[in-house]
Amino acid sequence: MNNNKFDFSRFKKVIVYDFNQYLRRYGVVMAVLIGLPTILVWLSSLSVLSWGSTGLDDVMNISPVIRFSAITSGWNLAIFLAPAWLYGFINMKKDGPQYATLPATYLEKFCSILFYTIIFTPVAYMAAALLVDILLTILPFGGYQEFIWNLNLLEYYDDVYYGLSEAFTEMMLSNSWISNILGVVASSSLMFFFSTVFKKHKLAKTCALIFGVFFVLMIAFFAAIPSILVYIGENGAYFEEHFLPYVSEHIIPIVYYGMLIYEVVQILVCYVWGYHRMKRMKF
């Protein structure tokens, strides 16, 4: 079979096959990740302190911002885990050969992988999590007093990027869909690539590698703090009046757009390289 040929009828069969595998391999995990963040936040409103001493009138109102933050945390985790949980077996001796011999080209299999990891999982998770949130809001008790669509995105980004300029917050709001999509795809692409690299303990090794990189960056940052504090002490007035506004209005947006470019490059490298490894998988 030509590994570069794409046939839509074969692709549909791969989609159906992967859907059955999805339910078996990731269904329970998705259910837990969907319900846990929302239900834990909701249960926190049922605590004794939330109810107060006068009964239902004093129930805590959990802000849509807090609820949306909990949902997006679980959403990001579900997307990050999906490639390893769903397709981590493709380079393993037990199940890998069976997947490799499916009557479909690697391109068709790869497109199915993309569909389930960066389209189906994000959409299904968000739809189900929002549905759970709405159902909890309808209940006559608990701390969900307003529907989540009352969320003020400007307030949400103010909380996430506290202390930064209003211009930057508005820029984030106007570009939120771009950064969210790129973030989702970049996270998934990284896990997919390392799922083709590591044979065992894919999730643990990938997380350890990411933690190692961040640890090195944190050490470099903390090593620079004494010099930064000395500079601030010597140039306090200039730092507060000129440097901080300049950083907030110019440097941070440059870093932000630089990160978007980096994510695009990472996505291309991880998927192209991962697909190349997938086609040449040896067991």
Filter pass, Phe80 being under 18 Å from Ala128 (Cβ atoms) and either among the β-branched types (Val, Ile, Thr) or at pLDDT 85 or above (or both): yes
Set Tyr256, Tyr275, Tyr246, Tyr271: member being hydroxyl-bearing (Ser, Thr, Tyr), at pLDDT below 85, surrounded by 13 or more Cβ atoms within 10 Å (Cβ to Cβ) and in a helix (DSSP H, G or I): Tyr256
Residue within region 117-138 that is closer than 17 Å to Val255 by Cα, of a type outside the set (Gly, Ala, Ser), open to solvent by 70 Å² or more (accessible area, probe 1.4 Å) and modelled with pLDDT of 75 or more present: no
Residue list for region 79-98, filter: without any contact (Cβ under 8 Å) to a residue 12 or more places away in the chain and farther than 21 Å from Ile119 by Cα: Lys94, Asp95, Gln98
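The values are calculated or read from the model by the stated rules, or taken from the named source; none is laboratory data. Only a predicted model underlies this, so the values are computations on that prediction, with no experimental measurement involved. Reconstructed Cβ throughout: ideal geometry from the backbone, glycine too, with neighbour counts over all protein chains shown. To get the accessible areas, we keep the full protein, side chains included, count just its heavy atoms, and leave off ligands, DNA and RNA. Shrake-Rupley method; radii C 1.70, N 1.55, O 1.52, S 1.80 Å.
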